[in-house]
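Inspection log for the structure reproduced underneath, given as structure tokens.
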Amino acid sequence: MATTSPAPPAAVPMQVPQPATEREPFRRHEPSPRTVLGIASLGVSVAFVDATIVNIAFPDIARSFHGTSLSSLSWVLNAYNIVFAAFLVAAGRIADLLGRRRMFIGGLELFTAASVLCAVAPSPATLIGFRVLQALGAALLVPSSLALVLRAFPVEHRSHGVALLSAVSAVAAGLGPSLGGLLVGAADWRLVFLVNLPIGLVAVVLARRHLVESRAPGRRRMPDLPGALMFAAAIAALVLGVVKGQQWGWGGPAVIGSFAAAAVVGILFARRCTRHRSPLIDLSLLRIRTFATGNAMTVVAAAGFFGYTLTNVLFLTGVWHYSVLQAGLSLTPGPFVAAAIAGPTSRLVERIGHRPVLVAGGLIWGGAVFWLVERVGTTPDFLGEWLPGIVLLGIGAGTLFPNLSSASVASAPGESFATATGMNAVARQVGAALGVAIVIAIIGTPSPLHAAAAFDHAWTFTGLCLILAGLGCLFVERIASGTETALGDAARAVLRAPDPSPQPSPARPPELRPFAFDGAGIARAESASDFLANVPLFAGMEPGLRASLAERASTVRLRAGEQLFAAGDQADAMHVVRAGRLQVLADGDGSAIIREL
């Protein structure tokens, strides 16, 4: 048996796993779900802001490193997206293995340190290298934040907490260009990295002070890290061929070799996923039509979104000759419109299903890009030409993107929720890398005479991506009612104050506590007898007899993975779980959990 008191009593009639398998109880108080959501949101915000904030700083970076081609500088953006995508799922499983709090804090610290290094980078090569470190930190940070939120919320509010965390991530990514414009306008591109320092330090302090450790129950295996490297290599080879196509020649041996390498490594990676005991991507989920369609369209939509975001920045600064601050402010209405429209459209999804909403969102979103192609000229006209297009972009983005992620994740089995969420995030980052690469290849380095046409071609590509994403959603099937969560409902459920009126509730097991209270309301260490008084089996027992039983009991502590007893062992004791988790595992390799006590 195991006790949970800071000073354990001499005997407790139970046998339980050591609580470190799921938490470190009573060394610090359990934080409220709102506290965990706030700290997790602060962490993921810096990660997702950084995925887009560098777009607005890109022209200033190009001027700082004069003489470096756009195709080479594009790796400042793509290195982050590729590494983030490759290690996202693996990092989540490492967090399950080693501890979510530990990985969250470690990811924050690595991300913050890498941001400072990016700010002082003396050359494009070092900047790209430090962006890789940033992406590794973000990959550790994002899935562990999701796991912390999942664990903090009760089952009935878990989807609401995740919905709000996802909304924060989406808003952060959308606000990146606007914030970047303000920072670059105030100083230069290095400030967009330095701003992460105070935010990261505050988040680390809060996380160390308030969060408690947790790990996934059951037998856990190390993820396929070589597979993650193979995945990153395949995407990097594909992106390399795209961004260097014009420079090396589309039919040249270097470009063809890059595409061939991407294909070969990609096939080897897929085969590895079918054979590895802990694959990076669960390919069996792709047999679910809605899941496969949703993630495929996520890649396409992300290519369009990240592609036109960069195109807009380069057009405003290169053709309309806006300052970086003006460009950032010109992009600001889009994210706010998207955030405003996401809630109502998620409600509409609950009423009529995903398919019509997603198709309409894709058509509106793509049509908004074609507004830019048809209406925006070389002479600046913000109110007449630009603002209507940006508002339409926000409407399309808020209608399609969050609901497409919702459909993808909700279509997966409940036990695969975390895996499905990770795979969808990977799809988004892969799409981002491809979109940026293709836009850079399309725009190239045009002369002033051909600049407008080059940007029209880039917009046309991104618009077609968004329309294709919408039409592809015709293959999304109806998802069972109750699996979707409207953002408005999520906010109300999570932020609603508890009802002070007493409500009858069904009987439930006693709460695990490290202390008891005496008649004066003063806390004291909980004894074994105190604990037994809260166990229904012993609660009605005469106090003296219960105290005698407590004195005769023995205390046993188990570490994560240790076995209490096996089938066929002699039954020589009664075990009462006081704290932690006791899992009943199936015969064989012990990976199947039959029941958890």
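Once you reduce the range 168-221 and the range 342-403 to the center of their Cα atoms, the two points are 28 Å from each other.
Highest average first, the peptides 95-102, 187-194, 53-60 ordered by how many other beta carbon atoms sit within 10 Å of their residues are 53-60, 95-102, 187-194.
Just add up the charged neighbours of residue 265: K/R +1, D/E -1, any other residue whose Cβ is under 12 Å from the Cβ of residue 265. Don't skip to the end; give the middle numbers.
Numbers: positive: 271, 272; negative: none.
Computed value for this residue: +2.
Using the reciprocal of the averaged 1/r over all distinct C-alpha pairs, how large is the Kirkwood radius of the range 290-492 in Å? Its Kirkwood hydrodynamic radius stands at 17.2 Å.
A simple spin-label model places pseudo-atoms 7 Å from Cα toward Cβ; at residue 277 and residue 534 they are separated by 3.8 nm.
If R0 is 25 Å, the Cβ-Cβ spacing of residue 270 and residue 225 corresponds to a FRET efficiency of close to 0.90. Working ranking of peptides 172-182, 330-340, 444-454 by packing, defined as the average number of other Cβ atoms within 10 Å per residue, highest first, is 172-182, 330-340, 444-454.
Starting from the coordinates of the alpha-carbon atoms of the range 224-279, obtain the Kirkwood hydrodynamic radius over all distinct pairs and give the value in Å to one decimal. Walk me through the numbers before you get to the answer.
Values: mean 1/r = 0.0858 Å⁻¹.
For the range 224-279, the Kirkwood estimate is 11.7 Å.
When 341, 440 are sorted by how many other C-beta atoms sit within 10 angstrom of their C-beta, beginning with the fewest, the order is 341, 440.
Every number here is computed from the coordinates shown, using simple stated rules; none is lab data. Quantities reported herein were computed from a predicted structural model and do not represent experimental measurements. Using ideal geometry, Cβ is built from the backbone for each residue, glycine included, and neighbour counts are taken over all protein chains shown.
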